[in-house]
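Worksheet for the structure shown next.
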Amino acid sequence: MESNTVREFPSSNNVITPDADRGGDPWKFLKWLNPGFVLPLLAGALFLLLWELQIFHRIFDLKKYQLPLPSAIAEAMRDNLSLLLSYTGYTLTEAVLGMLIGSGCGFLIALAATAWPRWGGGSLTMVAALNAVPIVALAPIMNLWFGDGIGSRAAIVTATTMAAMAINAYKGMAAVDPLALDLMHSYAAGKRAVFRHLRIQNSLPYVFTALKINATASMIGAIVGEFFFSSRGLGYLLSNSIKVAKMPLGWSCIVLAAVAGVIFYLVVERLEKVFIKWHPSRRT
């Protein structure tokens, strides 16, 4: 006698395939790798390998004392790690302090140039002229004014970073949407309210662009300033290392200065993502 029980067969959605038994596609993890991160990493590794194999020495006819190998630089960094970290912190302090003062002064100049175009516009020309003066010319003057302490290097960085902030912030405050300006006027908004809610808000992307420029320019100003009348910092150590032919130690200063500059830049970039989430460029 046949049974009336209906057999149930597994649906296609529940079928266990051999790939599922093995945990899925074995190359699935490659889909999570970001080419924007992997490709520069591979290019950097290849560059270091060619450097270590002395390929660049053969191409450019360089000696090891002229271009130390990465292994020699790494050894110098390991042997002088505490000194290098201390001097890196000192240089980074000069750069951050000078950049904050210079960017703050530049922003105030942009405010004045926007609020009083007839009187404040000339200040933009003055900071642009100051920015055209080479750092090597500013360094002896700042050392004469502020001594050989941290103040002189901070003053050099201040003069170096002021123009970028003033010009960019002024551009952001001046380039407001006329329709938005008309809307503010239709609500009887005063000059202070227009600045606070429209012009300053519109200038923030330009301000962070200037800060990212200044993040690298401040490290350059601090290190170049340390070549003159300094007893600490990466620039001072780099100058002395070259004088006594300790090139691996000198290159260690260059590597750490580059790393500090990149970290400084990434911090500013992270702050930009936090403070201007409303900007169209951050909506993707």
Q | Spin-label zone in segment 89-124 - amide nitrogen under 15 Å from a point set 7 Å from the Cα of L130 along the C-beta vector | A | 98-113, 120-124
(Q) If you take every residue apart from Q54 with its C-beta less than 12 Å away from the C-beta of Q54, what net charge results, scoring Lys and Arg +1 and Asp and Glu -1? (A) +1
Q: Quick one: what are the phi-derived ³J(HN,Hα) couplings along segment 191-204, Karplus 6.51/-1.76/1.60 with θ = phi - 60°, whole Hz, x for glycine and proline?
A: 5, 5, 5, 4, 5, 5, 9, 10, 5, 5, 4, 5, 7, 4
Q | Theoretical FRET efficiency, 1/(1+(r/R0)^6), r = Cβ-Cβ of I254 and S186, R0 51 Å, to 0.05 | A | 0.35
Q. Farthest toward the dipole's positive end in the chain, which of F37, V136, Y65, given Cβ charges of +1 (Lys, Arg) and -1 (Asp, Glu) about the Cα centre?
A. V136
Q: Mind telling me which of V262, V224, V244 comes out most flexible in a GNM of the chain, alpha-carbon contacts under 10 Å?
A: V244
Q. Roughly how many debye, to the nearest 20, is the charge dipole of the chain about its Cα centre, given +1 on each Lys and Arg Cβ, -1 on each Asp and Glu Cβ, and no other charges?
A. 760 debye
Q: Mind telling me which of F264, F227, F146 comes out most flexible in a GNM of the chain, alpha-carbon contacts under 10 Å?
A: F146
Q.
Show me, for segment 178-190, the HN-Hα J-couplings you get by feeding each phi into the Karplus relation (A = 6.51, B = -1.76, C = 1.60, θ = phi - 60°), rounded to Hz, glycine and proline as x.
A. x, 5, 5, 5, 5, 5, 5, 5, 5, 8, 6, 6, x
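Expressed in nm to one decimal, what extension gain is obtained for the pair D148 and L48 from 0.36 nm per residue of sequence separation less their Cα-Cα distance?
Numbers: separation 100, 0.36 × 100 = 36.00 nm, distance 3.74 nm.
Gain in length upon complete extension: 32.3 nm.
Tally Lys/Arg at +1 and Asp/Glu at -1 over every other residue whose Cβ is under 15 Å from the Cβ of L237; what's the total? The partial results should precede the final answer.
Numbers: positive: R153, R232, K243, K246; negative: D79, E94, E226.
It works out to a net charge of +1.
Let me have the 222 nm mean residue ellipticity of the chain computed from DSSP H runs of 4+ only, each contributing -39500 (n - 2.57), with the sum over all residues rounded to the nearest 500. Don't skip to the end; give the middle numbers.
Values: 13 runs with 204 residues, N = 284.
When only DSSP H runs of four or more count, the value is -23500 deg cm²/dmol.
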Q.
Using Cβ counts within 10 Å as a stand-in for footprinting exposure, how do S152, S123, S231 rank, fewest first?
A. S231, S123, S152
(Q) Projecting each Cα onto the charge dipole of the chain (Lys/Arg +1, Asp/Glu -1 at the beta carbon, about the Cα centre), which of W119, A258, A155 comes out farthest on the positive side? (A) W119
Q. For segment 79-282, what value does the Rg/Rh ratio take when both radii are computed over Cα atoms and Rh is the Kirkwood radius, given to two decimals?
A. 1.08
**Q.** Top of A132, A163, A43 by mean-square fluctuation, Gaussian network on the chain, Cα under 10 Å
**A.** A43
**Q.** Centre separation in Å (Cα based) which lies between segment 243-270 and segment 85-112
**A.** 18 Å
Q: Kindly put K64, K277 in sequence by how many other C-beta atoms sit within 10 Å of each C-beta, fewest to most.
A: K277, K64
Q. Residue-wise, which Karplus ³J(HN,Hα) couplings in Hz belong to segment 53-69, taking 6.51 cos²θ - 1.76 cosθ + 1.60, θ = phi - 60°, and x for glycine or proline?
A. 7, 6, 5, 5, 5, 6, 5, 9, 6, 10, 9, 5, 6, 7, 9, x, 6
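Full-extension gain between A193 and D61, please, as 0.36 nm times their residue separation minus the C-alpha to C-alpha distance. Show your work: numbers first, answer last.
Values: separation 132, 0.36 × 132 = 47.52 nm, distance 6.39 nm.
Between A193 and D61, full extension yields an extra 41.1 nm.
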Q) Stretch A174-L83 to full length: gain in nm at 0.36 nm per residue minus the Cα-Cα span? A) 28.1 nm
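None of the figures in this text is laboratory data; all of them are computed from the coordinates on show. What you see is a predicted model; the values in this text were computed from it and never measured. FYI the Cβ positions are ideal-geometry reconstructions off the backbone, even for glycines, and counts take in every protein chain you see.
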